1. Output the number of residues of the stretch 71-100 satisfying the condition of being within 14 Å of the ligand (Cβ to nearest atom) and either within 15 Å of the chain's Cα centre (by Cα) or open to solvent by less than 20 Å² (accessible area, probe 1.4 Å) (or both).
2. Pairs only if they're at least six apart or on different chains, beta carbon under 7 angstrom, first in the stretch 64-91 and on the phi > 0 side of the Ramachandran plot, second more than 10 Å from the ligand (Cβ to nearest atom); list them, first residue then second.
3. Please verify whether Ala31 is within 24 Å of Phe84 (Cβ to Cβ) and either out of contact with any helix residue (DSSP H, G or I) (no Cβ under 8 Å at 6 or more places or on another chain) or part of a loop (DSSP other than H, G, I, E, B) (or both), treating the condition exactly as stated.
4. Is there a residue in the stretch 94-103 that is assigned to a strand (DSSP E or B) and within 30 Å of Tyr169 (Cα to Cα)?
5. Could you please find all residues in the stretch 26-50 being open to solvent by 20 Å² or more (accessible area, probe 1.4 Å) and among the aliphatic types (A, V, I, L, M)?
6. Among the residues of the stretch 108-130, write down those that are at positive phi and open to solvent by less than 10 Å² (accessible area, probe 1.4 Å).
7. Among the residues of the stretch 115-152, write down those that are closer than 18 Å to Arg76 by Cα, assigned to a strand (DSSP E or B) and more than 15 Å from the ligand (Cβ to nearest atom).
8. Restricted to the stretch 51-63, and to residues that are open to solvent by less than 50 Å² (accessible area, probe 1.4 Å) and more than 18 Å from Tyr160 (Cβ to Cβ), which residue is nearest to the ligand (Cβ to nearest atom)?
Amino acid sequence: MPLDKADDNARMPYQLPMPRECLPEIVVPDAIPEDERLWVPQAENVWFRPLCLNVSQGYWMNLLRVRKAGVLSRHRHPNAVHGFVLKGRWHYLEHDWVAEEGAYVYEPPGETHTLVVPDDVEEMITFFQVNGIMYYVDPWGKPLGYEDVFTKIDMCRKHYTERGLGEDYVDRLIR
Ligand code: FE
C-alpha cells in the first residue's frame, strides 16, 4: 500500500509495543559459522547449519553444506522449497540445469529429486527454506523415511549435546 500521508518523523522508531503474541526475532551473526561444531552431520559429507526452526508453521531455514562426493538422498517435497546458492555448484539427477553460486532455486510441491555435488567442487553451501517435510523415497517412490522440523531439532539437540554446546543450544533458533 502506498503511503497516503507524508511521514513527518521518518527517523523516529515505532513508539508502541509489539503485539503481545509476537515472538522474539532471531539474529544469527555467524550464520556461516567459524565454530565447526554448529554444523550438524546429516549423511556422509553432508551437514546442515540450522538458522530458524519454525515449529508453529512447520518449516526450517538452514544452510546445507556438501563436500566432495556428497549426495543428498532422493526425496519428494509436498510443499515448496526456496534455495539460494552461497558457494559451489550442484545439480539434480532429475534435471539438466545446474545451480551455480549466486543462483536462486524454487522447488515446486510434487518434485522428487536427488542433489549431487560434482567432483570438481570442494564445497557447496546453499541456504534452503524447507516447508513441511522431506519425504525420502527409492527410485520408484517407495517411502524410506522423512524429516520435518521436529526431527531436525532432535538431530541438533543430540549433536550439540555430544559436542559440548548443550541440548538447550538449539532453543535460540526455535519459534
Ligand atoms: Fe529438495
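1. Going through the stretch 71-100 one residue at a time, the tally reaches 13.
2. Cβ pairs passing all conditions: Ala69/Asn45; Ala69/Asp119; Gly88/Glu101; Gly88/Val117; Gly88/Val121; Gly88/Glu123; Gly88/Met124; Gly88/Ile125.
3. Details: within 24 Å of Phe84 (Cβ to Cβ): yes; either out of contact with any helix residue (DSSP H, G or I) (no Cβ under 8 Å at 6 or more places or on another chain) or part of a loop (DSSP other than H, G, I, E, B) (or both): yes.
So Ala31 passes the test.
4. no
5. Selection gives Ile26, Val27, Val28, Ala31, Ile32, Ala43.
6. First, the residues of the stretch 108-130 that are at positive phi: 110.
The answer is none; no residue qualifies.
7. Pro143
8. Tyr59
The values are calculated or read from the model by the stated rules, or taken from the named source; none is laboratory data. On a predicted model such as this, the values are computed, not experimentally measured, just so you know. FYI the Cβ positions are ideal-geometry reconstructions off the backbone, even for glycines, and counts take in every protein chain you see. For accessibility, only protein heavy atoms count, side chains too; no ligands or nucleic acids. Shrake-Rupley method; radii C 1.70, N 1.55, O 1.52, S 1.80 Å.
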